[in-house]
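Below is one structure; the comments refer to it alone.
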Amino acid sequence: MKAIIGGTGIDKSEYFEAQAKTVSTPFGDVEYMEKDGIILLPRHSKGHSVPPHRINYLANIEALSKLGVDSVVAIYAVGSITEKVPFLSYGILSDYMDFSGRNITFFSERVKHTDVSNPYDRELSKKLKKYLPEAAEDVVYVCTNGPRFETKAEVRAYGMLGGDVVGMTGGTEITLLREKGIRTAGVVYSINWGTGVRKDIEFPSDEKVEEMSLVVFNAALSALKD
């Protein structure tokens, strides 16, 4: 089984026309859609109703594991820190830094150390590049807690440390996906510059966000079906 985890703009996908299903986990119930054998899990729930710091990450990833998912493409709307992924462009993730401070793991009761030396699956990432050729590669994602945006000083520091884009969900998700052994590719689309990178923070129209989200969604679908 394969799955897409999506957030901002993904609720406009035709997948949301499919009847929602629910799976129960020890961490809570999770709602998802399924079409043509591929699951769509909206990380913020339908209607984008749950903010990033309140997402039930454990339930979401446990649900995918319980459903037998072995491959995931995770889609993220991000802010750009460097020119590698400029505003209104796309990128494919190769690494991440997590500054969210979330103490979230499946291994709180027993000792197990998870290898994240190559967090994003190279083969699946290559397939994503095939269907989204304009996307930058080897992009480093910085995860913060949210829901506030980052300060100018934080964005400067993240750039100096090697971050390319900043978001509020990806670090937690990829850690849990690696703990479950689910191979994952990550794709981002930039909907603003990080605070202080440009004089003003600019946001695209809702229509542009929807357009970009569907571009990456279709690329994710193609990569999973390839």
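The values are calculated or read from the model by the stated rules, or taken from the named source; none is laboratory data. The shown structure was predicted, so the numbers you read here are calculated from the model rather than taken from an experiment. Glycine also receives a Cβ, built like all others from the backbone with ideal geometry; neighbour counts cover every protein chain displayed. Surface accessibility is based on the protein's heavy atoms, side chains included, excluding ligands, DNA and RNA. Shrake-Rupley method; radii C 1.70, N 1.55, O 1.52, S 1.80 Å.
So the values come out like this:
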read-out	value
Any pair with Cβ under 6 angstrom, 6 or more apart, that starts in region 115-131 at a residue that is in contact (Cβ under 8 Å) with a residue 60 or more places away in the chain and ends at one that is surrounded by fewer than 20 Cβ atoms within 10 Å (Cβ to Cβ) and assigned to a loop (DSSP other than H, G, I, E, B)	LYS127/ASP226
Some residue of region 69-79 being modelled with pLDDT of 95 or more, touching a strand residue (DSSP E or B) at 6+ places or on another chain (Cβ under 9 Å) and surrounded by fewer than 17 Cβ atoms within 10 Å (Cβ to Cβ)	yes
Answer from VAL140, VAL165 - the residue that is in contact (Cβ under 8 Å) with a residue 60 or more places away in the chain and of a type outside the set (D, E, K, R)	VAL165
Test set (1) assigned to a loop (DSSP other than H, G, I, E, B); (2) open to solvent by 20 Å² or more (accessible area, probe 1.4 Å); (3) under 16 Å from VAL73 (Cα atoms) - SER94 fails condition number	(1)
